[in-house]
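The values are calculated or read from the model by the stated rules, or taken from the named source; none is laboratory data. Just so you know, these numbers come straight off a predicted model, no measurement behind them. Every residue, glycine among them, receives a Cβ derived from its backbone with ideal geometry; neighbour counts consider all protein chains shown. The accessibility values were calculated without ligands, DNA or RNA, using every heavy atom of the protein model including side chains. Shrake-Rupley method; radii C 1.70, N 1.55, O 1.52, S 1.80 Å.
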Amino acid sequence: MTYWPGPGYRMAAAAHADLRASDQDRERAAEVLKTGYAEGRVDKDEYDTLLGQLYSARTLGDLATLTSQLPGGGAALLPVPAGPPRTNSRAVA
């Protein structure tokens, strides 16, 4: 069964934008930039500039902004909100 997060997903994801970015978050965003550079979407100067900004970014929202124009970047870097809690433990999916 696939869970569709519904219209509140973007608001819930946006709530994570103010969270502090971890080293792992920065590495994931750096991979997005590296892929964009390898595919020719970003030139060398822009890549170097964005990479410097990325490693000095403080929040997940900053990382999302820096990678928003690349596939796999932007809001895709933000954590996925948890699905609704199960209310009936006897229900069969």
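Listing for the model above:
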{"quantity": "Mean Cβ count within 10 Å, highest first, over the residues of peptides 19-25, 39-45, 60-66, 73-79", "calculated": "60-66, 73-79, 19-25, 39-45"}
{"quantity": "Rough spin-label spacing in nm, given labels placed 7 Å along Cα→Cβ, for Asp23 and Thr59", "calculated": "2.4"}
{"quantity": "Where the stretch 32-80 is the region considered: accessible area per residue in Å², 1.4 Å probe", "calculated": "57"}
